[in-house]
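First the structure, in the form of C-alpha cells, and then the observations on it.
The values are calculated or read from the model by the stated rules, or taken from the named source; none is laboratory data. Treat the numbers as computed from the prediction; the structure is a model and nothing was measured. Here Cβ is always computed from backbone atoms with ideal geometry, including for glycine, and neighbour counts include all displayed protein chains.
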Amino acid sequence: MKSVGTAANDMVKECLSQFPKIMGPEKMTPDYERCIRISTEASLREMLAPGALVILSPLVAGLGFGKNCCAGLLSGALVSSVQLAISMSNTGGAWDNSKKYISAGGLGKEFVKGSEAHKNSV
C-alpha cells in the first residue's frame, strides 16, 4: 500500500505540473509518455525487494540450514498459497452473489439495479 501511495503521489505531482500548461494559453497536449514512465519505473522499483525475497529465501534456507529446511520452506509456501487461492476464490464468489442479490432487489425496491447500492457493489 505504501508503494502504491508513493507512485500515486509522483503521478499527482506530474499531473499538477502539466495541468496549467494544458489549460493555459499554451494549450499544450498532455505528456502521456511521462505518466507511463512514472508508473512503470515505480512498479519496477517497488518490486525489487519482494522479488529478491522470493529468490533469496530458499537459497539462504538451503545453504544455511540444509536441504530439509529448504524443502520445508518451499512446501510451507506451497500449502499456504493453496489456502490463499481457495480463500480468494470463495471471496470472489461471495462478492458476485451479493451483487446479484442487490440486483434482484433483495435489499428492497429502492436498492435495485442502477441504485447507489448496486453501483457500489459493482
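Looking at the range 54-81, which of its residues are closer than 30 Å to VAL122 by Cβ and modelled with pLDDT of 95 or more?
Matches in the range 54-81: none.
From GLU116, GLU41, grab the single residue that is under 30 Å from MET11 (Cβ atoms), over 19 Å from the mean Cα position of the chain (by Cα) and not aromatic (Phe, Trp, Tyr).
GLU116
If MET28 meets every condition in (1) in contact with a Lys or Arg (Cβ under 8 Å, 6 or more places away or on another chain); (2) closer than 30 Å to VAL122 by Cβ apart from one, which number is that one?
Failing condition for MET28: (2).
Which numbered condition in (1) more than 26 Å from VAL54 (Cα to Cα); (2) out of contact with any helix residue (DSSP H, G or I) (no Cβ under 7 Å at 6 or more places or on another chain) is the only one that ILE86 fails?
Going through (1) more than 26 Å from VAL54 (Cα to Cα); (2) out of contact with any helix residue (DSSP H, G or I) (no Cβ under 7 Å at 6 or more places or on another chain) one by one, ILE86 breaks only (1).
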